[in-house]
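> Take this structure first; my questions come after.
The values are calculated or read from the model by the stated rules, or taken from the named source; none is laboratory data. Nothing here was measured: the structure is a model prediction, and the numbers come from that model. Don't worry about glycine lacking a Cβ; one is built from the backbone with ideal geometry, like all the others, and counts go over all protein chains shown. Surface areas here come from the heavy atoms of the whole protein model, side chains and all, with no ligands, DNA or RNA. Shrake-Rupley method; radii C 1.70, N 1.55, O 1.52, S 1.80 Å.
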Amino acid sequence: MEGLKRTGCCFHVNLERSFRKFSSSTLSKSSTIRSWKKLSSRKDAAQGKESPVVCFGEILIDFVPNESGVSLAESSGFKKAPGGAPANVAVGIARLGGHSAFIGKVGEDEFGYMLADVLKENKVDNSGLCFDPNARTALSFVTLRPDGEREFMFYRNPSADMLLSETEIHEALIRKASIFHYGSISLIEEPCKSAHLAGMDIAKKAGCILSYDPNLRLALWPSAEAARNSIMDIWNQADIIKVSEEEVKFLIGSDDPIDNEVLLMKLFHSNLKLLLVTEGSAGCRYYTQMFQGRVPGFKVNAVDTTGAGDAFMAGFLKKLAGDPSLYRHEKKLKDALLFANACGAITVTEKGAIPALPTKEAVLEILSRAST
């Protein structure tokens, strides 16, 4: 750890040599063979597990108020909760029994070391996490409305996650992945934007599924137009996209109820395997090139909706990593999405994102109750 404090380097620097042979053989395959087919057969020989879902982007500390329905200034105190959408997904997958890894950057400070430990304690591979000696770990203060919905005040000016550079990316970790999952916050500023695009390129060439959850946080962008343009600039590269109802309305520029025909025309590109639209407690919609439909959600007492969409995505990606053909079979897809909806429902019943993410046993319990 002393070496890290002096240099701010990544954990993965000394691992590159050991993965080089694996990476080289993976990159030599043709782009056709390197796609979805590899998911059902390739295993991580070093750990005896399926290839990991690699999540790229921000990891931070959320400060959640003790009371709902009050301003940040009026709150008597805050609960410290690790978060950040891609990190939430990584922890969510691991907590459900899957294999996940995280690539990102934190400050060389107490919060940064805490977050590294949180990943490790939750069995997430944190070898792609970097420390920056010159920037702080990102913080976010969350205002909770009485219904559990929230607003954010971010402290990142700049934070360490914004400073991840292309040269710091753990390429070998991406190349052995089955799925590469990311958001849009890492597209806001350089050098992280270039690192994000480079990571996507590495993943695409390695045959990973590209999974995209824009996770719109408009307050972080210089303008709504900049947010919309950047989010859509990489839209056509994703294999799977998850958006909320509010994000759909923002992206298509309409407050009208979502019309399937308009949604498909504006958001479903020709190479997209699956488009998911989450609708809170109502469940979610799904759209593939062969079929479309809706899967119901679960009615629960919402305390804090932070991380609900990430829990949903974690549940779905865990299922997809185990059965990469499920998007082609409507019954399998609906079962996976019901599981994902249950993950999201459980998460809103507690404060914070990562602290509230469910175990597989908790999800199976709520599914069992719902079926009786």
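> Can you tell me, using C-alpha contacts under 8 Å and at least 6 residues apart, the relative contact order of segment 55-371 as a whole percent?
Computed over segment 55-371, the figure is 17 percent.
> Can you compute the label reach from Ser371? Point 7 Å from Cα along the Cβ direction, backbone N cut-off under 16 Å, restricted to segment 313-339.
From segment 313-339, the list is 331-339.
> Length gain on complete extension for the stretch Ala219 to Glu110, per 0.36 nm per residue less the alpha carbon to alpha carbon distance?
Stretched out fully, the Ala219 to Glu110 stretch lengthens by 36.6 nm.
> Tell me, what is the 1.4 Å probe accessible area of Lys80, in Å² to the nearest 10?
Surface open to solvent at Lys80 totals about 100 Å².
> Also, I was wondering about something else. Give me the Kirkwood hydrodynamic radius of segment 282-372 in Å, from all C-alpha pairs, to one decimal place?
13.2 Å
> I'd like the FRET efficiency for Gln237 and Ala282, computed as 1/(1 + (r/R0)^6) with the beta carbon distance as r and R0 of 25 Å, rounded to 0.05.
E between Gln237 and Ala282, to the nearest 0.05, is 0.30.
> Based on alpha-carbon centroids, what's the gap between segment 238-267 and segment 123-196 in Å, whole number please?
Computed from Cα coordinates, the inter-centre distance equals 25 Å.
> Quick check for you: which residues of segment 237-252 have the amide N under 17 Å from the point 7 Å beyond the Cα of Lys205 toward its beta carbon?
Nothing falls inside the zone, counting backbone N under 17 Å.
> Which distance in nm do the two modelled labels at Ser165 and Phe291 give, with both placed 7 Å along the Cα-to-Cβ direction?
Those two pseudo-labels are separated by 5.0 nm.
> Taking Rh as the Kirkwood radius computed over C-alpha pairs, what is the Stokes-Einstein D of segment 55-371 at 25 °C in a medium of viscosity 0.890 mPa s, expressed in µm² per second?
The calculation lands on 126 µm²/s.
> If you don't mind, another one. In percent, how large is the relative contact order of segment 219-372, given Cα pairs closer than 8 Å and 6 or more residues apart?
Relative contact order here is 18 percent.
> Between Lys331 and Glu151, what is 0.36 nm times their sequence separation minus the Cα-Cα distance? Round to one decimal in nm.
Once the chain is fully extended between Lys331 and Glu151, it gains 61.2 nm.
> Ok, one more. Let me spell out the model: positive unit charges on the Cβ of Lys and Arg, negative unit charges on the Cβ of Asp and Glu, origin at the Cα centre of segment 164-233. What dipole size does that give, in debye rounded to 20?
280 debye
> Give me the 1.4 Å probe accessible area per residue for segment 113-215, excluding ligands and nucleic acids, in Å².
Heavy-atom accessible area per residue stands at 36 Å².
> Further question on the same structure: Taking segment 262-313, which chymotrypsin sites (Phe, Trp or Tyr not before Pro) meet the DSSP loop condition and have no more than 14 other C-beta atoms within 10 Å?
Phe291
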